[in-house]
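One structure is given below, encoded as structure tokens.
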Amino acid sequence: MKYLFIFVFLFSITSCNTSKTIVIKEKIIQNLETCLANGDCEIQLLPDSFLEFKKDEFNNYYPIISEGNNTVIIYTFTKKTDKSLQDNSYKELIYIQLKSPFKKINLKDKDLEKVQLFYGRLCFCKGESGYFPVEKGSFKITNLTKNSFDLEILFNTHKIPQLITEIKEHIILKSNSSN
């Protein structure tokens with residue numbers, strides 16, 4: 001009877017414990033409910049990846065994602081536009097790289113470079129398009145459980161106009177194969 005009590009006690013302690021890290025095992029893509037009314041939002045989590053921003057011959061950044069030991073998160077806002085008009089597409093992206101498994105994190109301003117927080121604006125907007133490192137703002141991952149976390153990003157590039165300056169999402173991890 002004593003061993004049964006110990007077993008039940010240990011089982012209850014371990015079964016109620018929430019994870020303090022998250023390991024992504026496969027690519028996850030989710031459409032997000034909280035988005036600006038004039039667009040669609042999506043988040044991608046890419047496991048076993050490495051994010052690098054390189055510069056082209058004009059000194060403009062562009063992203064390269066390759067195989068690695070990190071998780072890359074890409075938040076995408078796609079503005080609803082008139083498809084009949086040429087060169088009318090508009091997209092904003094946020095790139096983040098986290099060490100795997102990732103943990104609770106809280107960064108501000110200059111420390112944002114630790115997660116390679118980059119903002120991208122892709123449109124036919126001469127001189128107001130491209131990718132930029134985010135140097136002012138905050139980035140948080142909180143409320144980690146085995147299958148979810150809260151993501152909060154507040155930022156402004158002060159370089160080009162932007163629609164997205166704040167992201168507050170509760171991400172529930174589910175594999176694409178179960179959708």
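The values are calculated or read from the model by the stated rules, or taken from the named source; none is laboratory data. All values derive from a computational prediction rather than experimental measurement. As a convention, Cβ positions derive from the backbone with ideal geometry for all residues, glycine included, and neighbour counts pool all protein chains shown.
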Fill in the blank from the handout: Residue set I94, I164, I160; condition closer than 18 Å to Y62 by Cα and touching an Asp or Glu at 6+ places or on another chain (Cβ under 7 Å); output residue I160
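Out of the strands (runs of 3 or more DSSP E) lying entirely within segment 67-152, which hold 3 or more residues that are among the hydroxyl-bearing types (S, T, Y)?
Values: elements: 70-79, 90-99, 105-108, 118-123, 130-133, 137-142.
Qualifying strands (runs of 3 or more DSSP E): 70-79.
Say we look at segment 1-26 and pick out the residues that are of a type in the set (D, E, K, R) and part of a loop (DSSP other than H, G, I, E, B); which of these is modelled with the lowest pLDDT? Full working, then the answer.
Going through segment 1-26, the residues of a type in the set (D, E, K, R) turn out to be 2, 20, 25-26.
Subsequent filtering for residues that are part of a loop (DSSP other than H, G, I, E, B) retains 20, 25-26.
Values: K20: 72, K25: 75, E26: 80.
Within segment 1-26, the match that is modelled with the lowest pLDDT is K20.
Consider segment 149-158. How many of its residues are at pLDDT 90 or above and polar (S, T, N, Q)?
Our first condition is that a residue be at pLDDT 90 or above; within segment 149-158, this holds for 149-156.
Then keep just the ones that are polar (S, T, N, Q); that gives 156.
So the answer is 1.
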Problem - Test result for I29, over 18 Å from Y131 (Cβ atoms), at pLDDT below 80, aliphatic (A, V, I, L, M) and not in a loop (DSSP other than H, G, I, E, B) - result: no
Handout entry: Unique match (being exposed (fewer than 13 other Cβ atoms within 10 Å of the Cβ) and closer than 24 Å to N31 by Cβ) among N147, N69
Key = N147
Problem - Which listed residue, of K79, K55, is exposed (fewer than 13 other Cβ atoms within 10 Å of the Cβ), more than 16 Å from the chain's Cα centre (by Cα) and of a type in the set (K, R) - result: K55
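State the number of residues belonging to segment 156-176 that are among the basic types (K, R) and assigned to a loop (DSSP other than H, G, I, E, B). Even if it seems obvious, please write down each step before you answer.
Here is the first cut: in segment 156-176, the residues among the basic types (K, R) are 159, 168, 174.
Narrowing further to those that are assigned to a loop (DSSP other than H, G, I, E, B): 159, 174.
Result for segment 156-176: 2.
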Practice task
Tally the residues that are in a strand (DSSP E or B) and either at pLDDT 95 or above or of a type in the set (A, V, I, L, M, F, W, C) (or both), restricting the search to segment 32-41.
Solution key: 1
Fill in the blank from the handout: Those residues of segment 43-67 which are at positive phi and touching a residue at least 12 places away in the same chain (Cβ under 8 Å) amount to D48
Exercise for the section: Check whether at least one residue in segment 92-111 is more than 15 Å from the chain's Cα centre (by Cα), loosely packed, with under 15 Cβ neighbours inside 10 Å, under 26 Å from G39 (Cβ atoms) and not β-branched (V, I, T), and report yes or no. Expected result: no
